[in-house]
Amino acid sequence: MLLAVALMLLGTSFLCFSMKRHLQQLLPHWPFSQRRARIVRASGYACLALSITLICANEGTAIGLVYSLGWFSVVSLSIALWLSFREKMKPAHNKDRM
């Protein structure tokens, strides 16, 4: 179960990195290209599909899909909160002090 949740977290992070805004927010030195975005997006969906498959194989299809949606909600909310508050937690660089 822990491996499936970690794959879900990785897949959701990949989907965030496939968007130009989030890539520039998290990794400002990486150039954005459509080719890289497609590869990262495909990797994200593959990780999500693999995590759902692992949970369904372990728990059964009916309960596995419910667990998958529940864990996906938790992972998505944690990434959304992290992206929202990441900018607020950065220390402010004040140029007036110099």
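Values in this text are rule-based calculations from the coordinates and carry no lab data. Please read these numbers as outputs of a predicted model, since none were measured by experiment. Here the Cβ positions follow ideal geometry from the backbone for every residue, glycine too, while neighbour counts run over all protein chains shown.
Dividing the convex hull volume of the alpha-carbon atoms in the range 2-97 by its residue count gives 101 Å³ per residue. The protection proxy used here, the mean number of other Cβ atoms lying within 10 Å of each residue, ranks peptides 28-36, 15-23, 78-86 as follows, highest first: 15-23, 78-86, 28-36.
Quick check: net charge around Arg35, other residues with Cβ under 14 Å of its Cβ, Lys/Arg +1 and Asp/Glu -1? The partial results should precede the final answer.
Details: positive: Lys20, Arg36, Arg38, Arg41; negative: none.
Charge balance in the 14 Å sphere: +4.
Of all the options Gly11, Gly70, Gly44, the one that moves most in a Gaussian network model of the chain with Cα springs shorter than 10 angstrom is Gly70. Quick one: helix 34-59 against the long Cα principal axis of the chain, what's the angle to the nearest 10°, folded into 0 to 90? The helix 34-59 is inclined about 40 degrees to the chain. Return one number: the angle in degrees, 0 to 90 and rounded to the nearest 10, between the long axis of the Cα atoms of helix 2-17 and the longest principal axis of the Cα atoms of the chain. In the chain, helix 2-17 runs at an angle near 40 degrees to the longest axis. Every helix of 4 or more DSSP H residues in the chain counts as -39500 (n - 2.57), and over all residues that averages to -27500 deg cm²/dmol at 222 nm.
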